Amino acid sequence: MSYVNELIGFIKNSPTAYHTVKTIKEALVEAGFTEVYENSPSSFSDGGKHFVVRGGSSIIAFKGRAGNGFMITASHSDSPCFKVKNELSGVTYTRLATEKYGGMIHYTWLDRPLSVAGRVVVKTVDGIKTILVNIGKAALTIPSVAIHLNRGVNDGYKFNPATDLLPLIGLSDARGELMKVVAAEAGVNSSEIISHDLFLYNAEEGRVIGINDDLFISPRIDDLGCAYASMRAFIDAPVSDGSVDVLAVFDNEEVGSETKQGAASTFLDMTLRSIAGSEEKYSSMLYNSFMVSADNAHALHPNHPELYDSSNAPVLGGGVVVKYNANQRYTTDAISDAIFSTVAERAGAGLQKFSNRADMVGGSTLGSISNTRVSVPTIDIGLPQLAMHSASETAAVSDLEDMVKILTELYSSGIEKHGDVISIKK
Ligand SMILES: [Zn+2]
């Protein structure tokens, strides 16, 4: 199967961060990885193929015996969406009260088929248990107001999340139905559900577009494009004797990463320490480690080139993007760029560079946050894409292929520092 079709399937199976972790877990198990748990850190250092999950929505997988260093990729499992609070029953309609999760482009969520997925916590005889649910069917929509009732809508409209963006789930007789469907999906009675983390998602599936089939449009390309490419490369690359390969996919990037399972947490640091097995080994391995922070980049917009620095504007189809920011919102520096460029050249794939216009402030991402806990040379890269944080985003097929190629080469490599010389070993 082509990478783009595999990615479209990966995204379909990953409507929430919990499901992203489940999808990755299933691929890892199929590839011979076994789960280890944070309460038994000694099981991390046996040189085997393992993964560890925190909070149900972040995952770190690793393979190889503790050697020279760690070769790490980091991406994120979450995307901007709406969290379900409760049902709003009316005389005529049933709606859901929701709350924004992260910063989406509001209008892109209107007039689409939406669905609900997440997790429920249920009572059992032994205690409480978490069950993932995805109701699957397109059951909701957030309707626009007709232009006849809002003549000014095309002059720009500010959507209020508390009033304009509440989804319709049915007529008045739909009252109570959502939790019944969720309970049936979980295989329990609704009375057994104690609490939930449920989210809306765009129920449309990704597809290849472009007259030459060279683009694809899909929900959650940010950042499941990078999570998928990193996972594919991590599984496909042979175990290298020089370094331990590490695949980290964190939740909560869209809300600042400062959670128990986010990139700002102890998760990566503690996992790497456990793999190393001793403090001394950990310090010596960090010295020869490298990290790729993989989160998407803004490709040149076809209708708005003026928003970009004309000499640093990546394009769709131009290859993986290396992201630079003088104020270190992106971690890339000359050294990490040189290491990554060497790997990309060996993989036979070109790179392109991105910096924001000097008068614009861009976003930040996993790398700089993670570096405050695990301080290793890091590069910020991403797939070039359009419409970041829209309910439906667009990217290029060839860039995805390049990313898998480069990251596979990266996972087959290791770095070794000797004074001011760094050798990049195969
Ligand atoms: Zn992102």
At 7 Å along Cα-to-Cβ for each site, give me the label-to-label distance between Ile105 and Ser311 in nm.
2.9 nm
Would you mind computing, in nm to one decimal, how far apart the modelled labels at Lys426 and Glu192 are, each placed 7 Å from Cα along Cα→Cβ?
5.5 nm
Starting from the Cα-Cα distance between Met360 and Asn327, subtract it from 0.36 nm times their residue separation and give me the gain in nm to one decimal.
10.7 nm
Radius of gyration and Dmax over the Cα atoms of region 342-426, both given in Å
15.6, 48
Test of understanding: ordering Ser57, Ser42 by Cβ neighbours within 10 Å, fewest first, what list do you get?
Ser42, Ser57
Looking at the P(r) of the chain, how many percent of alpha-carbon pairs lie beyond 30 Å?
44 percent
Listed here are the pairs Lys22/Lys405; Lys180/Lys260; Lys85/Lys129; which of them are more than 22 Å apart at the Cα?
Lys22/Lys405; Lys180/Lys260
Any chance you could run the full-extension gain for Glu26 through Lys129? It's 0.36 nm times the residue separation minus the Cα-Cα distance, nm to one decimal.
35.1 nm
At most 15 other Cβ atoms within 10 Å and a DSSP loop assignment: could you name the trypsin sites (Lys or Arg not before Pro) in region 30-123 that fit?
Arg65
Enumerate the calculated ³J(HN,Hα) couplings along region 380-393 in order (Karplus 6.51 cos²θ - 1.76 cosθ + 1.60, θ = phi - 60°), each rounded to whole Hz, writing x wherever the residue is Gly or Pro.
9, 9, x, 6, x, 8, 9, 6, 4, 6, 7, 5, 9, 10
Fewest-first sequence of Met1, Met104 by Cβ atoms within 10 Å of each Cβ:
Met1, Met104
In degrees from 0 to 90, rounded to the nearest 10, what is the angle of the helix 397-411 Cα long axis to the longest principal axis of the chain?
40 degrees
Computed over the chain, the relative contact order (Cα-Cα under 8 Å, seq sep at least six) in percent reads 22 percent
Correct semi-axes for region 136-258, from √(5λ) of the alpha-carbon gyration tensor and rounded to whole Å with the largest first, are 36, 26, 16
Compute the length gained on full extension between Asn212 and Val239: take 0.36 nm times their separation in residues and subtract their Cα-Cα distance, giving the result in nm to one decimal.
6.0 nm
Do the sum for the chain: with -39,500 (n - 2.57) for every DSSP H run of n ≥ 4, divided by all residues, what is the mean residue ellipticity at 222 nm, to the nearest 500 deg cm²/dmol?
-7500 deg cm²/dmol
Using alpha-carbon coordinates, inclination of helix 177-186 to the longest axis of the chain, degrees:
40 degrees
Distance between Cα centroids, region 1-48 to region 310-331: provide it in whole Å.
29 Å
Quick check: pseudo-label points 7 Å beyond the Cα along Cα→Cβ at Arg151 and Arg65, how many nm apart are they?
7.9 nm
Order of Val421, Val244 from fewest to most other C-beta atoms within 10 Å?
Val421, Val244
Filtered trypsin sites (Lys or Arg not before Pro), region 149-192: DSSP coil and at most 12 other beta carbons within 10 Å:
Arg151, Lys158
Identify the trypsin sites (Lys or Arg not before Pro) of region 304-386 meeting these criteria: DSSP loop state and at most 15 other C-beta atoms within 10 Å of the C-beta.
Arg357, Arg373
How high is the relative contact order of region 81-202, in percent, counting Cα pairs under 8 Å that sit 6 or more residues apart?
39 percent
Would you mind telling me the antiparallel percentage of the DSSP bridges in the chain, rounded to 5?
70 percent
Specify the inter-centroid distance of region 191-268 and region 54-87, based on alpha-carbon positions, in whole Å.
7 Å
Let's test the formula: R0 of 41 Å, r as the Cβ-Cβ distance of Asn13 and Ala162. What FRET efficiency results, to the nearest 0.05?
0.85
Using only Cα atoms and rounding to the nearest 10 degrees, what angle (0 to 90) does helix 221-236 make with the longest principal axis of the chain?
40 degrees
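Bear in mind that the values in this text are calculations on the coordinates, not laboratory data. Just so it is clear, the model here is predicted, and its values are computed rather than measured. Cβ coordinates were reconstructed from backbone atoms using ideal geometry, including for glycine residues, and neighbour counts include every protein chain displayed.
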